[in-house]
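The values are calculated or read from the model by the stated rules, or taken from the named source; none is laboratory data. Please read these numbers as outputs of a predicted model, since none were measured by experiment. Every residue, glycine among them, receives a Cβ derived from its backbone with ideal geometry; neighbour counts consider all protein chains shown. Remember, those area values only see protein heavy atoms, side chains included, never the ligands or the DNA or RNA. Shrake-Rupley method; radii C 1.70, N 1.55, O 1.52, S 1.80 Å.
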Amino acid sequence: MIEADGLTKIYPNPDGSEKAAANGVSFRVEIGEVYGLLGPNGAGKTTTLRMLSGLLRPTAGRVLIDGRDVTHEPEFIKRKIGYLTANTGLYSRLTPRELLEYFAVLYDMPRAAAARRIAELVEWLGMREFLNLRCGALSTGQKQRTSIARALLADPPILILDEPTLGLDVLSNRIILSFIRDQANSGKAILLSTHALDEIETMCRRMGLIHNGRLIAEGELEELRRQTGLTRLSEIFLHLVGADEPVLAN
């Protein structure tokens, strides 16, 4: 389980003032759940994800992974987390097979176990047709599937996924969303951050909305509908961030 408790990250401005990229963010992600985190650009989502994964130390607050503090046990916790970022590159000269074998060595996985795990991921993510092509020659969808395989290689119980379907075609999008749902059903706790509100609506029972560094709303979709009197998640989102003025025709 993931628990964010009052996460805050303060950065200094050039003029001597300070900016809170995240301010008192608290939520939890249960085992077997896909929790949606959404918000406009610059809202603090990426900062929050980096603190959750242990890549960024919070100014205040804490992150607990299965009850253990990320700040106090960073190396142990990082072995529990598979973190997919929106801009992580691949080694262009390696093939997906070579890339996964390389990371299996970094994870200190026994060779036979690594081979079995790679075979599973290749099958689940439909990677067979491009497994031996260089990563630099892959399509966007193929690169994204390779990145997801890398994040899941050590079979971590916690997944933090930042824009996993960004720029994908319909087929690749469906493969990845189906895979995420299967991973949750297998007992993983999954945090899904995406701009695709329809994905949040269909994949997530609970969700949180970050705006200006604060978690301004959280709960099940039905709760947010009752709170706002609106039906569609896109309308709820715009209303909560104060951007629901009608568009005027010319």
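Annotations
- Helix-only arithmetic for the chain: the sum of -39500 (n - 2.57) across DSSP H runs with n ≥ 4, divided by the residue total, places the mean residue ellipticity at 222 nm at -10500 deg cm²/dmol.
- Cα-based shape type of region 87-133, given that a ≥ b ≥ c are square roots of the gyration tensor eigenvalues and the cut on a/c is 1.5: oblate
- Counting only protein heavy atoms and a probe of 1.4 Å, the accessible surface of region 51-142 is 49% carbon and sulfur.
- The chain: antiparallel DSSP beta bridges as a percent of all, rounded to 5: 55
- Taking only protein heavy atoms and a 1.4 Å probe, the accessible area of region 144-249 is 51% carbon and sulfur.
- Distance between region 129-170 and region 35-56 - C-alpha centres, whole angstrom: 20
- Shape call, the chain: gyration tensor on alpha carbons, a/c limit 1.5: prolate
- For region 1-137: accessible area per residue (Å², 1.4 Å): 55
- Prolate/oblate/rounded label for region 8-139 (Cα gyration tensor, a/c 1.5): prolate
- Stretching the chain fully between LYS78 and ASN41 yields a gain of 10.7 nm (0.36 nm per residue, less the alpha carbon separation).
- Percentage relative contact order, the chain, counting C-alpha pairs under 8 Å, at least six apart: 27
- For region 11-90, the relative contact order works out to 17 percent when only alpha carbon pairs closer than 8 Å and six or more residues apart are counted.
- Near ALA22, the amide H atoms lying under 5 Å from its own belong to LYS9; only residues 5 or more places off or on other chains count, and H is placed 1.01 Å from N.
- Hypothetical label at ARG181: residues of region 141-158 whose amide nitrogen lies under 20 Å (7 Å Cα-Cβ projection): 145, 148-149
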